[in-house]
Protein chains: 2
Amino acid sequence: MSDPTDLTVAQATAALTFGQVTATDLTRAYLARIERLDKAINSYVRVLAERALAEAGAADARIAKGQRRGVLDGIPYAVKDNMDTQGDVTSDGLAPRGKPAATADAEAVRRLAEAGAVLLGKLNLHEGALGATTDNAHFGRCHNPWRAGFTPGGSSGGSGAAVAAGLAPFALGTDTMGSIRIPAAYCGCVGLKASYGLVSNLGVTPACDALDHVGPLARTVNDAALVLRVLQAPDPEWPGSAEPPANWSPLPADLPDLSGIRLGVAGVVERFQMESSVRLGFSAAVGMLRRLGASVATIEIPGYEPTSARRAGLLWVEAAAAHAHEPFLDRYPDAYPAHIRAMLDYGRTASAARLARAQDMVQRTGAGYVRALEAVDALVMPVAPQPAFSFDEPVPATQAEFAAPANFAGLPAVALPSGVLADGLPLSLQFVGRKFAEARLLAIARVFERVVAFDRRPPL
Amino acid sequence: MSDPTDLTVAQATAALTFGQVTATDLTRAYLARIERLDKAINSYVRVLAERALAEAGAADARIAKGQRRGVLDGIPYAVKDNMDTQGDVTSDGLAPRGKPAATADAEAVRRLAEAGAVLLGKLNLHEGALGATTDNAHFGRCHNPWRAGFTPGGSSGGSGAAVAAGLAPFALGTDTMGSIRIPAAYCGCVGLKASYGLVSNLGVTPACDALDHVGPLARTVNDAALVLRVLQAPDPEWPGSAEPPANWSPLPADLPDLSGIRLGVAGVVERFQMESSVRLGFSAAVGMLRRLGASVATIEIPGYEPTSARRAGLLWVEAAAAHAHEPFLDRYPDAYPAHIRAMLDYGRTASAARLARAQDMVQRTGAGYVRALEAVDALVMPVAPQPAFSFDEPVPATQAEFAAPANFAGLPAVALPSGVLADGLPLSLQFVGRKFAEARLLAIARVFERVVAFDRRPPL
């Protein structure tokens, strides 16, 4: 075995099963790679080497006895630091605020631990999960592995960077208005936000529980599906929990091409002001989808206006986050950077009636998406109107406008690489599917992924 | 046939089928009774005699050709005046505000019209559906048919009074925090709020769409079930619409008794400060349920605090209603009584973060109810901590505290008479069931209804 950190989850699970590598080898290889590369990238805020080696040892002992628990047993991963891990203070990307150490793993982490996965550490994020650059004031900025000085996106920027840089085979992120898919897009990996209710938010610091989704970032669509299969389970302790239809599984069928698949592009997205590289890349992706046999039609989604909808969603998030951070904000104001304080103050001072109006627009936008999907198998669009940008440039307000409606609708959405820009940065495509139709969505994404043949790792 | 207005829906449908009465006879009998009695009760704000007679004539023509559409074909009813009926201005219980006439029936009305039901008119309500006395400043107070000068409850007070007084065999109301069940309780009829999502809110003036439920008030549990069967249908135009499990039906099985039925009483309800008549009546009802074979256990619902939960729900309603009334409130301030203006102003001035906190509490309360129902078939409680009261008395703040959590949880709930007070006013009981388990809930209610043998109509 050359470098075990080259393996995808699917490859690593085969290697573990056939004894070509041990979980401890794999874990040590990742810990060494983090040690070697992450000073420059800064994707980890905390490496949990002791827990990782203990979990890897336990996995190896099970494997040695022929009792491997499943596909993720012995596979390392890392989590965004807004999710609880037992015994650690969850930073939420902020300076210390007197938060006690978590007494239990977040439900998603608990399920992975139960499946035997090996927790490498906690990942950098945009402060409070309330932005999309991961230019973190307390932990330091996280760099895009494809270009230092460029943002990895956010708020799960550390998750995107760690997966892209080969510092974890997969990572967990959270996605409130695009926070898994935007870093996946900027970093050139796969980001999956499942249907709302499938993955528990328990033990995750809320941005806005009604829009928050826990999900994987991984190197391939298939790996993301394997992780989601373990994450999914109704959680009676979480009010948002939903039971999928019987026989639900995220594992995609292996389609030969996209014959018979109907895809829709929202007219308002086609007309949207986006960076020319993104527009050209999207046109090329649509052309490729057509050559693969899909029909791609322009669809008008009544009442869908990306900018107003994003603003409405943002107000909801600001208000819910202001509520969630209330115990800390007044006592530890300095822990919050000015731009985050401004957002939370806005949530505290905007009126309840304005929030009600915003929630109404969020719901109508989501309903428009659900309706549009009656006529097509999936909607297709860029993840964001721009690729990764320099930390020196102003932050574009439009980052989340294509991503957020899937959160508003609770629909599954996957971001995956669609090519490489002339300057070497990744381009990305997003598919949004029907509620609980993860398998179909990912089957479509896999056909596209196969023809793109994106080089999964930057030259590090 | 003596007086056709004595007939329940089930009896009237048999009489229509066997030609003992025509829809036109039935409609004229109701119109005459409204003419004779409603000046004193004031349950109708508008009688639609022309539409009613046209719809009755059409039903009779179908019946004559052997083409009766179903159980409700030719059956009169009336609707609360916050629901659109084509060609009429929906008043929402308020003075004219320049609202245009509705261009279509509300979806619930449309479904009843399609089933052949005969719309008698629009019913009085608490102003804006934002209170529970129906002491309406613009249309005049609606009186409780059991005692003039006493409230029929609200906000669907006209619906409760009309059904109790025999001015309609059934009526539609809306229930945001108890607005169907409270008037049903105060007026001695049956009020049914189904699982959220089963009945469309389209064409209904929102108080708070996420908590609003359209449903029937009727004389018997069975009649309410027959109406709900027609009302239920997924509405792709309404974001809240939900598809029930296959083979869902509200029609209850005819249980011989309650053997094997597990009922729960929330400890916090048992300990709640309620009027002694209600407490005694509730104890008697629980005793009766036990004699019928049910087990009745006290349950602690974690995090359920009726008063805080009601206040949280109220803030949400105030904010959502402030948004809904925004087009009118500034231009027609005088159309809004002072106590309603105060509520809407509160919704406009409270902060978005406070609303987010309130929504969080509403959701947790609802989740507590859902959890509690894992251990029992239904929760049982009084509908309100007090029976109908005089318009001269101050309005008790606690009216909705036992009713609102079913809205927060989206669970089906039915109110039905449980006896008569010494002074002749009705007493009432409420069952709350599992999501989509309307048939089981109503089966339990029917067994109880049978032994109560409540005299359905006041002496008018």
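The values are calculated or read from the model by the stated rules, or taken from the named source; none is laboratory data. As the structure is a prediction and not an experimental result, all values here were calculated from the model. Methodologically, a virtual Cβ is constructed for each residue, glycine included, from the backbone with ideal geometry; neighbour enumeration extends over all protein chains shown.
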Limited to the stretch B:330-355, what total is found for residues that are within 7 Å of another protein chain (Cβ to nearest Cβ) and of a type in the set (S, T, Y)?
2
Would you confirm whether any residue within the stretch A:377-396 is over 20 Å from the mean Cα position of the chain (by Cα), farther than 25 Å from A:Y186 by Cα and of a type outside the set (S, T, N, Q)?
yes
Conditions: (1) under 23 Å from A:P216 (Cα atoms); (2) in contact (Cβ under 8 Å) with a residue 24 or more places away in the chain. A:R97 meets all but one. Number of the miss?
(1)
Quick one: A:E393 ticks every box in (1) within 14 Å of chain B (Cβ to nearest Cβ); (2) in a loop (DSSP other than H, G, I, E, B) bar one, so which box is it?
(1)
Candidate set: the stretch A:93-106, residues that are within 27 Å of A:T24 (Cβ to Cβ) and either modelled with pLDDT under 95 or crowded, with 16+ Cβ neighbours inside 10 Å (or both); chosen: the one farthest from the chain's Cα centre (by Cα):
A:A102
Subset of the stretch A:144-153, residues at negative phi and buried (at least 24 other Cβ atoms within 10 Å of the Cβ), comes to A:N144, A:P145, A:W146, A:T151, A:P152
Residues to consider are A:G160, A:G149; find the one that is under 15 Å from A:L217 (Cα atoms) and at pLDDT 95 or above.
A:G160
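So, of the residues in the stretch A:1-13 that are under 25 Å from the mean Cα position of the chain (by Cα) and free of Cβ contacts under 8 Å to residues at least 40 places away in the same chain, which turns out to be surrounded by the most Cβ atoms within 10 Å (Cβ to Cβ)?
At the first step, the residues of the stretch A:1-13 found to be under 25 Å from the mean Cα position of the chain (by Cα) are A:4-13.
With free of Cβ contacts under 8 Å to residues at least 40 places away in the same chain added as a condition, the list becomes A:4, A:11.
Numbers: A:P4: 22, A:Q11: 17.
For the stretch A:1-13, the residue satisfying everything is A:P4.
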Checklist (1) away from chain B (no Cβ under 14 Å); (2) in a loop (DSSP other than H, G, I, E, B) applied to A:E374, failing item
(1)
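Does A:P405 satisfy the condition of being in contact with a strand residue (DSSP E or B) (Cβ under 9 Å, 6 or more places away or on another chain), part of a strand (DSSP E or B) and not hydrophobic (A, V, I, L, M, F, W, C)?
Values: in contact with a strand residue (DSSP E or B) (Cβ under 9 Å, 6 or more places away or on another chain): yes; part of a strand (DSSP E or B): no; not hydrophobic (A, V, I, L, M, F, W, C): yes.
Taking the combined requirement at face value, the residue does not satisfy it.
Scan A:V286, A:V268, A:V296, A:V214 and give me the residue that is assigned to a helix (DSSP H, G or I) and in contact (Cβ under 8 Å) with a residue 60 or more places away in the chain. Steps first, answer last, please.
Values: A:V268 fails: in contact (Cβ under 8 Å) with a residue 60 or more places away in the chain; A:V296 fails: assigned to a helix (DSSP H, G or I); A:V214 fails: assigned to a helix (DSSP H, G or I).
Testing whether each residue is assigned to a helix (DSSP H, G or I) and in contact (Cβ under 8 Å) with a residue 60 or more places away in the chain leaves just A:V286.
Identify all residues within the stretch B:288-329 that are within 30 Å of B:G131 (Cβ to Cβ), more than 12 Å from every other protein chain (Cβ to nearest Cβ) and hydrophobic (A, V, I, L, M, F, W, C); write none if there are none.
Step one: list which residues in the stretch B:288-329 are within 30 Å of B:G131 (Cβ to Cβ), which gives B:301, B:303-329.
Narrowing further to those that are more than 12 Å from every other protein chain (Cβ to nearest Cβ): B:301, B:304-311, B:313, B:328.
B:I301, B:A309, B:F328 - these are the residues of the stretch B:288-329 that are within 30 Å of B:G131 (Cβ to Cβ), more than 12 Å from every other protein chain (Cβ to nearest Cβ) and hydrophobic (A, V, I, L, M, F, W, C).
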Condition (residue is assigned to a strand (DSSP E or B) and farther than 30 Å from B:A108 by Cα) applied to the stretch B:254-263: is it met by at least one residue?
yes
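Among the residues of the stretch B:304-315, is any of a type in the set (F, W, Y), at negative phi and either surrounded by fewer than 21 Cβ atoms within 10 Å (Cβ to Cβ) or at pLDDT 95 or above (or both)?
Start the filter on the stretch B:304-315 by keeping residues that are of a type in the set (F, W, Y), which leaves B:304.
Subset that is at negative phi: B:304.
Those still in the list that are either surrounded by fewer than 21 Cβ atoms within 10 Å (Cβ to Cβ) or at pLDDT 95 or above (or both) too: none.
Scanning the stretch B:304-315 turns up no residue that is of a type in the set (F, W, Y), at negative phi and either surrounded by fewer than 21 Cβ atoms within 10 Å (Cβ to Cβ) or at pLDDT 95 or above (or both).
Does the stretch A:356-366 contain at least one residue that is within 12 Å of chain B (Cβ to nearest Cβ), in contact with a helix residue (DSSP H, G or I) (Cβ under 8 Å, 6 or more places away or on another chain), more than 22 Å from A:I301 (Cβ to Cβ) and not in a loop (DSSP other than H, G, I, E, B)?
Residues of the stretch A:356-366 within 12 Å of chain B (Cβ to nearest Cβ): A:356-366.
The next check asks that each one be in contact with a helix residue (DSSP H, G or I) (Cβ under 8 Å, 6 or more places away or on another chain); those that pass are A:356-363, A:365-366.
Filter again for more than 22 Å from A:I301 (Cβ to Cβ), leaving A:356.
Now drop any that are not not in a loop (DSSP other than H, G, I, E, B), which leaves A:356.
The answer is yes; a qualifying residue exists.
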Can you tell me which residue within the stretch A:154-175, out of those that are under 18 Å from A:L26 (Cβ atoms) and touching an Asp or Glu at 6+ places or on another chain (Cβ under 9 Å), is surrounded by the most Cβ atoms within 10 Å (Cβ to Cβ)?
A:A162
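Name the residue, out of B:R51, B:R68, that is in contact with a Lys or Arg (Cβ under 8 Å, 6 or more places away or on another chain) and within 29 Å of B:S200 (Cα to Cα). Break it down into steps so the answer makes sense when it comes.
Details: B:R51 fails: in contact with a Lys or Arg (Cβ under 8 Å, 6 or more places away or on another chain).
Step by step, each of B:R51, B:R68 is checked, and only B:R68 is in contact with a Lys or Arg (Cβ under 8 Å, 6 or more places away or on another chain) and within 29 Å of B:S200 (Cα to Cα).
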Verdict on B:G424 being in contact with a strand residue (DSSP E or B) (Cβ under 9 Å, 6 or more places away or on another chain), modelled with pLDDT under 95 and either in a strand (DSSP E or B) or surrounded by 24 or more Cβ atoms within 10 Å (Cβ to Cβ) (or both)
no
